[in-house]
Each structure stands twice: as C-alpha cells, then as structure tokens.
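Here's the structure we're looking at; comments come further down.
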Amino acid sequence: MGRTVPTITQTLNDIEAQLRRFRHTLRRSDQRLLDDLLASAHRHIAAIAETQALLPFEGALLAILLEQARTIAQLEQRLIDLEQVWQSHERRET
Amino acid sequence: MNGVKREHSGWLMDVYLHPDGRLVAWLLDDKGQNHLLAWDFPLTFYLEGPSAYLRQVWRTLTDKTITKTRTTRPDVYGHPHNLLAITALSPGRAQALYRRLSLTFPHLAAFDADLPLGVQVMARAGLPLLGRCHFYSDGERLLNIESQSSPWDLEPPLPALRILRLYPDRDPTLEPPHILHLEYATYHYCLPLQPLRPFLINLQAIWQRCDADVILSDYGDTWFFPFLQHVAPALKLNRDPTLRVQFRRERSFYAYGQVLYRAQQAHLCGRWHIDRHNAVLFNEIGLEGVLELARVTGLGVQDAARKSPGAGITALQMQTALREGILIPVAKGRAETPRTLSHLIARDRGGLIYRPLIGVHTRVAEIDFTSMYPAIMVNANLSPETLGCPDAPPGLIPRTLQPLLQKRLTLKRWLQSLHPLDSRAPVLRARQTALKWLLVVCFGYLGYKNARFGQVELHELVTARSRELLLQAKTLAEELGFTVLHLYVDSLFVHHPALSTSEEITPLLEIIERETGIPVTLEGIYRWIVFPPARQHPRRPVSNRYFGVFTDGRIKARGIVLRHHSTPPLVARLQNELLQLLAQGEHPSLQLSAAWELVAQQMKRLQRRAVDVADLRVAVKLRQLPTDYLRPGPAAQAAWQLQARGTSPRPGMRLHFWFTRQGIRVTPPAADEIDYARYAWLVRRAAAELLDPLTSLPPDPQLRLPMLTRGSSTIKVSA
C-alpha cells in the first residue's frame with residue numbers, strides 16, 4: 001500500500017497542490033466554490049481508487065459531477081415538495 | 001542429593017544459555033521448588049553452497065564432538081537442497097560455530113541457524129514454554145522431560161507466581177531518583193538510595209526474602225539494573241548465582257511507518273524481569289497477555305514482553321517449519337518478481353476505506369469482521385508455496401495461523417458469554433488481545449522484506465480480497481435497507497431508521513457471515529455517533545476520526561485529541577469528561593450547554609493557575625538524531641535540552657516537556673513560568689473538536705436523498 005505507487009489520497013492532494021495557482025487567480029467567491037468541489041471529490045475517494053486509472057483525476061471529476069447531480073436531485077425534490085404544498089394550498093383557497 | 005534420580009511434575013518456565021554453551025531449563029515443581037537444570041540438547045544447522053566450499057568446512061571442523069553429515073531437505077516450496085548438516089552438543093556451541101563459519105565462509109547459505117531457543121525446544125522436544133510437564137532430574141541435569149499440555153489449551157493451569165514490583169520515586173531520565181519503592185504481596189518498602197551501603201544490604205535482604213519469579217519494574221532496563229551493575233556488580237540478582245544480569249543494547253529502527261526505539265534490556269536467568277516502560281504491549285495486555293504470547297510463540301517471557309508481535313508470528317512460523325522438517329533460511333532468498341506499472345496501480349493498495357457521511361447519526365450499528373486478514377489467509381490458502389496453485393493443500397502460513405485463529409475466536413466468544421463483572425473476564429481479555437496482536441501483524445509480515453516466509457504478492461492478494469469482501473458486505477447491507485455510513489478496512493457502520501436492538505441486526509450479520517465465509521461480530525449499536533469534518537473544510541470528511549456512545553453506555557472514540565500520545569493529561573481528561581457528559585443524552589446536542597460550561601470551568605482553573613504541573617506535560621516522539629534537526633521545533637528543542645543535561649536521546653524515544661513563557665522545558669517548571677495561554681488554546685481546540693460538529697454541522701446531503709429517506713420503516717429480514 002503506497003509502497004511503489006502513491007495512495008489515492010496522496011494523488012488527490014498533489015492535484016490540489018498543482019491547482020494552487022489556478023485557485024489563487026480566482027475571485028474569493030469562486031475560490032470557495034472550487035474548495036467545495038474538491039471537498040466533494042474526497043467524499044468518494046474509495047470509488048476513485050477502485051477505477052485503478054493511471055490518471056485518477058478523471059475519477060475525481062466524476063465524483064464531483066456525482067455530488068452536483070445529488071445537489072440537483074435534492075433541489076428537484078424540494079421543488080416538487082414545494083409545488084405540492086403550493087397546489088394543496090391553492091386547492092384549499094379555491 | 002545429587003546423583004539420585006528424582007521425579008517431578010510442574011511447569012517449564014523458561015530456557016536460557018549458560019556462558020559455557022549448555023542449555024539450562026528453569027522448572028518449577030508443584031511444591032513451589034525451583035529447579036535450574038542443565039539439559040543435553042544437541043542442535044543441528046545446515047549449510048548449502050558449492051561442494052568445494054562445503055568440503056573446506058568439513059575439513060575445518062576437526063572437533064570430534066561435532067557431527068557432520070551430508071543430507072537433503074526441502075525448503076518451503078518443496079525444492080530439495082543438498083546440505084551439510086552440522087550438529088553440536090549444545091545450543092551455545094552451535095551458535096558460536098555458526099557465527100565463526102558465517103564469517104569464514106560468507107558465500108554459504110545457512111538454514112535453521114539463528115532460531116530462538118524456546119522455539120527450538122517447543123518444536124524439537126514438543127514442550128511448550130509455561131506448559132505442564134513431567135520431568136526427571138539428578139539435581140543438576142535434566143534426565144528426561146515429557147509434555148502434559150499444549151499451547152492451544154484454553155485454560156492452561158499456571159503456578160502462583162511471586163511478583164516483586166519496583167519503581168523509583170521520580171523519572172530517572174529527568175533527575176536522579178532518591179528512593180526505590182519495592183512492593184511484594186502486602187509489603188511495601190521505601191529504600192533511600194543514599195547512603196549506598198545500607199541501601200545495598202537492605203535490597204539484598206528483601207531480594208532474597210521475596211525470591212521473586214517476576215520482577216515488574218519501572219525503568220528497570222534503563223536505570224535500576226544498569227545502576228546496580230555500576231555500583232555493585234557482584235550483587236546476586238539471578239536465581240542462578242553463577243550468572244550476572246544479561247544486558248542487550250538499545251536500538252532504533254523503522255517499522256510500521258514510524259521510527260521505533262527499544263531501550264537497552266536487562267534479562268535475568270531463573271526469574272523474569274519486565275520493565276513496563278520498555279515492554280511493547282504491556283500496558284494493554286499485562287502479565288497475563290505476555291504469558292499467553294510466550295506460551296503460544298515459544299519466545300521466552302522476557303523476550304515476548306519486549307519484542308513486537310511480528311517476532312512472535314515469525315516464531316510461530318518457525319515452529320511449523322521445524323516440526324515439518326522444512327528449511328528455515330537465515331536470510332530471505334527470493335526477491336520480488338518484476339511487475340508493470342498498471343499491475344502495481346491495481347494491486348499495490350491497502351484495505352478499503354470510505355469517507356464517512358459527516359454529521360451526527362443515531363441508530364447506527366458497527367459490524368466488525370473477526371480477524372479478517374488472517375481468516376482470508378487461511379480460507380484462501382495464501383502461502384508462498386501455494387501462490388498460483390488453487391488446488392494445493394494448506395500451505396505453511398495457513399497451517400500456522402489456523403490454531404491461533406481458532407483459539408482467539410473461542411476465547412473471544414467465551415469472553416462475550418461472560419458477565420462484564422466476572423472475575424475471569426480481565427484475564428481472558430488480556431489473553432485474547434495478545435493473540436489478536438499476533439493475528440494483526442501476521443498480515444503485515446507477508447509483505448515485510450525480511451520475512452522468511454513472506455511474499456509481497458500475497459500481501460496484495462489479502463488486501464484485494466478484503467476490499468472485495470467489504471464491498472460484498474456493503475451491498476448486502478444496502479439490500480436489507482441499511483444506509484452505509486462508513487467502511488473502514490474490516491468494519492461497517494450502518495444506519496437504519498428503525499434500528500434499536502442488536503436482534504434487529506442479526507439477519508444482516510448472518511447473511512454477511514454466510515456469503516463471505518468470515519465470522520462477523522456486532523461491536524455494538526450506537527445511541528449516537530459523530531463523524532466530524534476535516535479542519536480544513538467543513539464538507540471534507542475524515543476517515544479515521546469519530547466518537548459515539550453505544551446503547552449500553554460504552555464510549556468509543558478514534559482519532560480525536562484524547563487518543564493522541566502527545567496530548568497533556570489535562571486536555572485528555574477534559575475531552576474524556578466531555579464525552580462522558582455528552583453520553584448522558586439521547587442526542588449529544590442535548591448536553592451542549594453543560595459541556596461548554598465544563599470547558600469554561602477548566603479555562604477558569606487555568607486562569608487561576610489552579611492546575612497540577614504534571615497534568616500539563618506534553619509528549620513528543622523523536623524522529624531522528626538531535627544533531628540531524630535543522631529547525632528548532634519542540635522535539636528538537638527537547639532533545640537538545642536533554643543532551644545538554646548529559647542524556648543522549650535516540651530516534652524513536654518519546655520525550656516529555658512543558659510549554660513555558662521562555663519556550664519549552666524538559667524539567668517541570670515553576671507555576672509562574674508556565675505558558676497558560678498555550679494550554680488554554682489546547683483546551684479550546686480539544687473542546688471545539690467535540691462540540692463544534694454538534695452545532696455547526698449541516699445534515700449530510702446524502703442522507704437527505706429521496707431514495708434513501710423513502711426506505712421502509714422496518715428492517716427487512718431477508719435479502
């Protein structure tokens with residue numbers, strides 16, 4: 001483990017280090033969003049390792065997309081819930 | 001009385017070498033009488049190499065007491081080796097002979113030449129150390145001995161040991177002690193070290209009166225015995241009056257990813273000495289655990305206490321090999337096979353570790369695979385000689401591990417069946433923990449470069465199989481409607497909204513055990529558990545930091561400040577008290593205001609300087625020689641200060657110091673010199689580590705996903 005090749009955590013940390021200048025150039029508000037995205041990649045580190053890819057950043061990007069999809073799914077669900085509340089409220093008023 | 005053959009029953013306590021090369025057995029009979037008997041124990045080792053060299057060796061050995069024969073024996077792979085077998089009449093002669101020949105003929109490969117004495121006795125004579133035996137002696141020599149027990153006995157009888165505890169009044173690394181405390185049975189002696197003559201007279205009198213079997217000391221290896229050696233070299237401390245205390249040198253080495261330090265060791269003959277500060281696992285397994293290690297591995301008690309469990313597992317493998325006539329190389333001869341980068345990326349990996357779902361969770365069960373890695377090694381028959389042979393009979397490593405695994409599992413189940421207050425529970429716990437450590441390291445030793453029966457490909461196969469098994473368990477849990485919060489190498493943390501009792505998790509345990517073939521146990525049901533985020537980012541999870549309370553009131557914490565060796569006792573105690581307080585509620589946030597009140601009280605005590613200086617002691621491990629440090633960090637400063645005081649810190653040593661307003665100090669400072677602001681910062685940080693996640697954490701988004709919250713309100717009982 002990590003004897004001949006770096007661990008996936010080390011690899012992701014190296015990628016973040018490489019992106020330091022990129023992050024530094026962003027606006028403060030965008031830096032926070034980038035930090036959130038990179039943090040979300042860490043939530044799926046075991047899955048990224050399982051891809052056994054030479055360049056695991058692709059897996060990291062997929063993990064980030066997955067978290068984005070989850071956020072969208074949650075927002076959609078909240079929208080549906082709100083619409084249902086709104087419709088029942090409208091029905092009561094009519 | 002000498003010359004008369006006498007028959008006894010008792011215990012084989014230990015074996016050691018007399019300076020004349022003879023093997024001496026320490027036996028304790030049923031009447032409490034100690035026997036130190038010379039044992040005729042011829043020993044054979046083997047040399048292999050070009051015939052011309054072997055002929056030269058043959059001609060060199062002119063001593064008629066040495067037997068030389070040509071023989072053929074197999075190695076672990078079953079390959080026959082043409083060897084020169086050399087048998088000396090005593091183990092000491094054999095060791096000296098091997099040392100001389102290895103220097104004269106360095107190109108010859110040697111087998112069975114450097115094995116621990118206890119291992120040889122266990123394997124060749126079938127006598128386990130600390131085992132019951134029946135023996136005949138003429139008062140000086142051991143004439144015959146028969147074993148009456150097995151190392152795998154679940155309830156081995158033990159003699160009543162006479163234990164003498166000794167410790168100085170202060171840490172000798174910081175300042176010279178003034179008083180030596182000795183405790184034996186109900187007696188407690190305090191001997192002033194000066195003046196020296198009365199001290200030595202009193203010490204010798206107490207030593208002889210107690211005639212202890214076990215000396216349990218604090219700083220015995222590093223201070224007490226070296227001190228006595230210096231001031232009274234003729235003092236008789238061994239049972240064998242012809243022998244002096246045997247010292248072994250200190251050493252620093254790199255293992256398990258860290259620098260470790262073993263101080264010099266003082267070994268006794270005819271009794272055991274264990275320095276609690278220089279014994280690897282003593283704080284965790286105690287004397288009972290050390291005795292279990294010695295009984296199973298064949299390493300003597302003094303070695304078993306001080307050596308890492310890795311030495312124990314090697315000794316077990318050696319026993320198997322010796323019993324079965326398999327050659328044990330002095331140095332590993334087989335190198336790693338070359339592999340491609342993609343192969344290494346796929347294979348050179350550890351266990352599966354998830355990042356947990358951040359937050360406070362209730363109704364969580366922790367499920368552990370019991371001895372997962374050794375069980376994989378046994379079930380999948382992973383051994384150097386069976387690699388790539390799926391139908392091969394059980395290999396050397398599975399044959400070695402099987403009884404060990406079985407004994408630990410039986411002891412663990414027995415322990416679980418006992419009431420927590422049962423008087424047998426602490427002893428059983430110590431013994432099963434000692435066996436657990438042997439099993440823990442047996443996997444790592446597969447990949448250790450110097451392991452005699454190791455092979456890194458096997459190491460990788462074990463981790464690959466463990467990842468598969470854990471993923472299989474995860475899938476099974478999800479099929480039963482559980483949410484998997486965390487996976488950590490051999491344990492799963494699963495949540496279900498309807499989970500409240502251990503019976504509800506039983507179907508999951510059964511199905512995992514059935515499908516994977518590895519025993520699983522329920523560590524417990526958490527009333528609540530907290531997976532805090534990383535300090536760097538509130539949405540970044542950390543895999544090895546969590547704390548929680550089980551429904552039976554037990555608290556479990558990993559990775560928090562409380563568990564760090566460096567933490568001052570004051571800070572660790574505060575975190576412990578906070579955990580106890582939080583554990584009182586159904587949800588930790590219910591006790592939040594009381595917890596912050598506790599922190600405020602501690603801060604006030606610090607402001608008033610109403611704290612004990614000893615509670616503020618910080619520890620740090622030295623990673624290199626003091627002269628190699630380039631920056632004056634705490635470890636470097638502490639090492640430099642100790643050097644200035646005349647001691648020589650070695651890499652791997654744990655140093656202690658205090659934060660003062662003038663910097664760090666290795667001796668206890670006066671109350672008005674302490675840097676209280678620094679300690680207040682440590683207290684605040686430790687409190688925030690536990691309490692901040694309870695207030696600032698948003699619920700984990702994954703738990704709010706519609707497909708997860710829409711689950712059934714009861715737990716399904718089948719997949």
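The values are calculated or read from the model by the stated rules, or taken from the named source; none is laboratory data. Since the model is a prediction, treat every value here as computed from it, not as a measurement. Backbone-built Cβ (ideal geometry, glycine too); neighbour counts: all protein chains shown. All accessible areas refer to the heavy atoms of the entire protein, side chains included, with ligands and DNA or RNA removed. Shrake-Rupley method; radii C 1.70, N 1.55, O 1.52, S 1.80 Å.
Per-residue shielding of B:539-551, expressed as the average number of other chain Cβ atoms within 10 Å of the residue Cβ, stands at 2. Residue order by solvent-accessible surface for A:SER88, B:SER466 is A:SER88, B:SER466, largest first, with ligands and nucleic acids left out and a 1.4 Å probe. Full extension of the segment from B:ARG558 to B:ALA335, taken as 0.36 nm per residue of separation minus the current Cα-Cα distance, would add 76.5 nm. If the chain linking A:ALA69 and A:ILE15 were pulled fully straight, counting 0.36 nm for each residue of separation and taking away their Cα-Cα distance, it would gain 17.2 nm.
Each part reduced to its alpha carbon centroid, the stretch B:146-175 and the stretch B:615-668 end up 33 Å apart. Roughly how many whole Å is it from the C-alpha centroid of the stretch B:504-561 to that of the stretch B:197-226? First find each Cα centre; the distance between them is then 47 Å. Could you work out how far the C-alpha centroid of the stretch B:352-381 sits from that of the stretch B:263-295, in angstrom? Here the two parts' Cα centres lie 32 Å apart. Note on surface exposure: B:ASP112, A:ASP36 rank A:ASP36, B:ASP112 by accessible area, highest first, 1.4 Å probe. Against chain B, whose longest principal axis is taken from its Cα atoms, helix B:196-210 shows a tilt of about 90°.
Explain nothing, just the number: relative contact order of the stretch B:6-147, from Cα pairs under 8 Å at least 6 residues apart, as a whole percent. The partial results should precede the final answer.
Numbers: 269 pairs, mean separation 45.9, N = 142.
Relative contact order comes out at 32 percent.
Positive-end ranking of A:PRO56, A:HIS24, A:SER40 along the dipole of the stretch A:8-67, with charges on Cβ about the Cα centre, is headed by A:HIS24. Highest mean packing first, where packing is the average number of other Cβ atoms within 10 Å per residue, the peptides B:355-366, B:286-297, A:44-55, A:16-27 line up as B:286-297, B:355-366, A:44-55, A:16-27. Charge dipole (Cα centre; +1 on Lys/Arg Cβ, -1 on Asp/Glu Cβ; no other charges) of the stretch B:6-147 amounts to roughly 600 debye.
List the relative contact order of chain B as a percent without decimals, with contacts defined as Cα pairs under 8 Å and 6+ residues apart. Numbers along the way, then the final one.
Details: 1282 pairs, mean separation 76.8, N = 719.
RCO, chain B: 11 percent.
For the protein assembly as shown, the Cβ-based charge dipole about the Cα centre amounts to some 2080 debye (Lys, Arg positive; Asp, Glu negative; other atoms uncharged). As I understand it, the dipole of the protein assembly as shown uses +1 on the Cβ of Lys and Arg and -1 on the Cβ of Asp and Glu, about the Cα centre. Which of B:PRO19, B:SER308, B:TYR46 lies farthest toward its positive end? Projecting each Cα onto the dipole axis, the largest value belongs to B:PRO19. In this simple spin-label approximation, B:HIS587 and B:GLU324 carry label points 7 Å from Cα along the Cα→Cβ vector, and these lie 5.8 nm apart.
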